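One structure is given below, encoded as structure tokens.
Just so you know, all these numbers are worked out from the coordinates, no wet-lab data involved. Model, not experiment: these values are computed from the prediction. Cβ: placed from backbone, ideal geometry, glycine included. Neighbour counts: every protein chain shown.
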Ligand code: ASP
């Protein structure tokens, strides 16, 4: 049982901006958001917001005339290595058994190839692993223990992906959801179930206490989180990748949209690319990446194509906001001319800032996402 009280407010986007300003997660020292451009600039690299501080790594490769897939991999590998990003790679929030399980895929526009891995344990750089599947096998997708074995055979290091921070958050989630993970009735430490007290006990040093508010949030609202990254070089070649630890506390073996070619990512070298972050189940049902690329092929601009994908997500719930407010989802798109755009289901969801994505076409900056619903959802 949990004692969390849950309150929900729908606020206007104006109020939402004020609320969200206080809780900005990323990019605090970087220039503020610009609107998406009407005309393109090349080279350009874009990603979900969590890639912002690493976009220059990809841009360096693009500027030297390097391959677009190498560029996006340079950016997302840095996010996979970063223990502070709890939605990707090392430090990602684990499944319900406490195991970090990663999903990723890549698409290389110039050669029209793809690779993918899912439910991979103990391997950090799964986007590179997806490329290795593409480069070194006659298959497209490897999953589970077979994918981990393949990684080890190919020289990837096996490592524990759980950081102390993500381990404590998992224990807090367990304590909230399972009586068995609290001191028993016969223990001197037994207390009437009280999640907030239990969490303070887990985060018992000043260093750990700085994670407490975050842990309360991720326990109350199992987060999604991922990086999608797309790049076009000067010649108009395009590639993309999506990599994630998926939905926190998921059932072991759950695969989201991130490794699904056509959902979490799609690239067609003649048109452009698109990807997604957020609740993968919704994206898979509308094949979002492919849908967006097909819209762009017909002449739609990237932002409108992302909004069209969101319309399809909302349509699957007959636009019932009571259900739709239970999740968030973003789409990102880049055409081969270098025009980019993004759209989010909500202007702002839970503690996140107004929806933004990251762009580097000369210097790294944020850009505002369009939103299907111009509202803020706050739930605690
Ligand atoms: N799309 C990912 C998934 O569903 C998670 C996320 O992007 O937040 O696994």
Item checked: Length gained when the stretch residue 322-residue 337 is fully extended (0.36 nm per residue, less Cα-Cα span) -> 1.5 nm
Next item on the list: Just order 99-110, 39-50, 129-140, 204-215 by mean Cβ neighbour count inside 10 Å, highest at the front, would you?
Entry: 99-110, 39-50, 129-140, 204-215
Check: Given C-alpha coordinates of segment 38-88, what is the ratio Rg to Rh with the Kirkwood estimate of Rh?
Finding: 1.01
Checklist line | Pair-distance profile P(r), taking every C-alpha pair of segment 108-192, with 10 angstrom steps and integer % | finding: 16, 31, 20, 17, 11, 4, 1
Item checked: Bins of 5 Å, starting at 0 and running to the largest distance - Cα pair percent for segment 235-369 -> 2, 11, 20, 23, 22, 13, 6, 2, 0, 0
Checklist line | Theoretical FRET efficiency, 1/(1+(r/R0)^6), r = Cβ-Cβ of residue 70 and residue 252, R0 51 Å, to 0.05 | finding: 0.95
Note to self: Taking a ≥ b ≥ c as the square roots of the Cα gyration tensor eigenvalues, with a/c under 1.5 meaning rounded and otherwise prolate when a/b beats b/c, else oblate, which class fits segment 229-270?
What the structure shows: prolate
Next item on the list: Any chance you could get the radius of gyration and Dmax over the Cα atoms of segment 28-183, in Å?
Entry: 17.9, 60
Item checked: residue 210 paired with residue 189, simple spin-label distance in nm, labels 7 Å along Cα-to-beta-carbon -> 2.5
Checklist line | Simple spin-label estimate for residue 84 and residue 281 in nanometres, 7 Å along Cα-Cβ | finding: 3.2
